[in-house]
1. What does the net charge come to around B:E202 if you take all other residues with beta carbon closer than 14 Å to its beta carbon, with K and R at +1 and D and E at -1?
2. I want the local charge near B:N459. Using Cβ-Cβ distances under 13 Å, sum +1 for each Lys or Arg and -1 for each Asp or Glu among the other residues.
3. Along the range A:7-22, what does the Karplus equation 6.51 cos²θ - 1.76 cosθ + 1.60 (θ = phi - 60°) give for ³J(HN,Hα), rounded to whole Hz, x for Gly and Pro?
4. For peptide A:61-74, compute the average count of partner chain beta-carbon atoms within 10 Å of each residue's beta-carbon.
5. Of all GluC sites (Glu not before Pro) in the range B:294-343, which ones are in loop regions per DSSP and have a Cβ with at most 14 other Cβ atoms within 10 Å?
6. Which percent of the Cα-Cα distances in the range B:7-241 go past 25 Å?
7. Taking the range B:136-260 on its own, what percent of its Cα-Cα pair distances exceed 26 Å?
8. Can you give the charge dipole size of the range B:380-504 about its Cα centre, rounded to the nearest 20 debye, using +1 on the beta carbon of Lys and Arg and -1 on the beta carbon of Asp and Glu?
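The values are calculated or read from the model by the stated rules, or taken from the named source; none is laboratory data. Just so we're clear, the structure is a prediction, and the values are computed from it rather than from any experiment. Here the Cβ positions follow ideal geometry from the backbone for every residue, glycine too, while neighbour counts run over all protein chains shown. Protein only, heavy atoms only, side chains kept; ligands, DNA and RNA dropped before computing areas. Shrake-Rupley method; radii C 1.70, N 1.55, O 1.52, S 1.80 Å.
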Amino acid sequence: MATTNRIMIVGVGGQGTLLASRILGNAVIRQGYDVKVSEVHGMSQRGGSVVTYVKYGEKVHSPLIDKGEADLILAFELLEAYRALPWLKKGGRLIVNDQKINPMPVITGAAQYPESIREKLGASVNLTAVDALSLAKEAGNIKAVNVVLIGVMAKQTAIPYEEWVETIKTTVPPKFLDVNLKAFELGYRLKSDK
Amino acid sequence: MFYRASPSLHTVEISVGSEKGFYNRMKKLLLGNAAVAQGAYEAGVHLVSSYPGTPSTEITECMATYPAEEVFVEWAPNEKVAAEVAIGASIGGGRAMSCCKHVGLNVMADPLFTHSYIGVGGGAVFCVADDPGMHSSQNEQDSRHYARAAKIPMLEPSDSAECLSYTKAAFDLSEQFDTPVLLRLTTRVSHSQSLVEVGEREEHPVKNYEKNIPKHVMMPAMAIKRHAFVEERTLKIADYASDCPFNTVENNGSAIGVITAGIAYQYAKEALGDRVNYCKLGMVWPMPERLLKDFAQSCEKIYVIEELDPFIEESCRAMGIEVVGKELFTMLGEYTPAMIRKAIFGEEPAPAIEPAEAIPARPPVMCAGCPHRGTFYVLKKLGLTVSGDIGCYTLGAVAPLAAVDTTVCMGASVSAAHGMAKVRGKEFAHKLVSVIGDSTFMHSGITGLVDIVYNQGINTVIILDNSITGMTGHQDNPTTGKTIRGEATRQVDLIQLCRGVGIDRITVADPFDVKHFEEVVKQETACDEPSVIIAQRPCALLKSVKYTGHCVITEKCRNCKMCMKLGCPAISLDGTSGTVRIDVTQCNGCGLCTGVCPFGAIEKED
């Protein structure tokens, strides 16, 4: 593989983007790639916009992804997907969790949550929208949204199903393994509506 | 699925498939910080003492995952204490490390500058993590200046593999030159995971301790001699720098040369590839003059690519090397490969799809169930001036609470309020409070409180006791009764501590009992003597905190929007109906809003 694959995971602090990026990072190194995963810790994690970058290929230098360069964006929330849109490369794919979480400026009335984000995104990029929250509930815990989304994304990669399952087994705490495996399964088996 | 990453997640071990892979040995995907810990472990470190601070915290957390028989690890009350503990361990013959964020190095600076004179017994490494872009910091200082000012060599790794190898080598370097060594990280190195090969621990037995007054007692007669030693040492290290393994030249036969270091090297490599020659500085102070001059001679044009201050650039100019640097770049924030490509080759960034409308910002907020919300709700309601501090509760400055007036540094809430009260007088002091977390109070709030008592202040200090160090991701501290390894230990009694320094008025109150808390604040601020309120309620993210169910708005709601003043991320206005609603996926059922609603319209549901 001569080129570097660039994946961005965006969401709201507390949604579990960090674990999602670690599952992805661990899955790609099992395939023998060089990989860099850039995370966000500290204040930004407290309900703010969070972005993690996963890059893999023969040799990865910068852990960051510039605007117009992401092959795929995995978005945990609609507004965050919209915010990340400029980072998607031409012809890139966007997977979005069809969930709205109001940011504080919207809550206080200082700003409006943009309308019809899903439709706007669908009009400009290759979009897969998923109700990951319902699937996470079905798996047994609403916090498993992250692993549902990893499942949806996994289906769109060349990495075999078994490799993902093995990675999840080695990455998530044993206590939550069953819920997470079920969440992955629900995401992976989901028939895309687009 | 839970967002709080445990240190064990930083060290997931992966065996890499050999048949199709580019990597066929055992490699680990490690966070830069975890790799520093692994490097120190492999170097046979005996003691690590630190105070948490993003982006450095995980180094010490990871250290505590190694066996206690091999390495003693602790959270100290502040960075100065941590550094002194490490210095003592080094003089005592052990290999020692202390880690902090950039602003922590300011606190550490006093012992460090003199440790430079004393030198080491066992190797001593001080790891500092800068935060370009201020992801989680109050300033953007460039800690490389400290290396020059304290005359201590500084290494700067650019990825996790170098984090490991540089840390390990730093201990040898320290002993070789009889000097403490600084290891500088930045957020993107600390908090990026990349592949490393891990090795075994090398044992370095604790050296003999010998009393040596001329070397270890820094009073003028001795220090004058040691200063001469330091200047000689610097010359020796500067000479070594040109041949050392940390500084490398990559000649790609180009007329353009790039001098760079740390994460900026990785950005430059990605942006410019083999179109330029590189001189990568793994040791950023002292500078390798011979190496840089030779490199400059081999190129027609030299660029310096470094984030924050023109540290390398100015050193090059002082050596008479002509370079281009900050004319093309910024001193603000982080660089990116696209920025470098544009600056050096004028190449435009990739085309991007910009949304056609403004995207509302999503600043960080206090979590649902955060105990600080009750405190700030009351302070705002009473219209008090709030002298703030460093921690999750700095978010009390964010709308709609917007209750915090000032934030300077760790501990300043207490001492700055004293200064404010002294110049503005008694009436103002009655409308002024300091807010400070339990860990921050132990760090450097207590000294300010002593000052208030000693110098006859009348301030009210609110200690936000949430039973943990919150912002940096739940570290124990002297008030929690547990060590970094989770062992039970003697707990500092905040009430006795405050009483001991001379505070007679101490009240413990629950910030979620809003009415009572308001009464207490009114009463204490009205007094003509200093007082302490301990606002006690644990962080909602602690495993021991078990809020259940969620809150709902019943038909009794008159849409007065009082609950919205809490700034809870779960409570918002429904865009279409204009009524208040609670998002059950955000609400954790803490129930604060039920006590704030004047009509009893919010109820708990299971």
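1. Residues close to B:E202 contribute a combined charge of -3.
2. +1
3. Whole-Hz 3J(HN,Hα) from phi for the range A:7-22: 10, 10, 10, 10, x, 10, x, x, 7, x, 5, 5, 5, 4, 5, 6.
4. That average works out to 6.
5. B:E300, B:E322, B:E327
6. Of all Cα-Cα distances in the range B:7-241, 37 percent exceed 25 Å.
7. 39 percent
8. About 240 debye.
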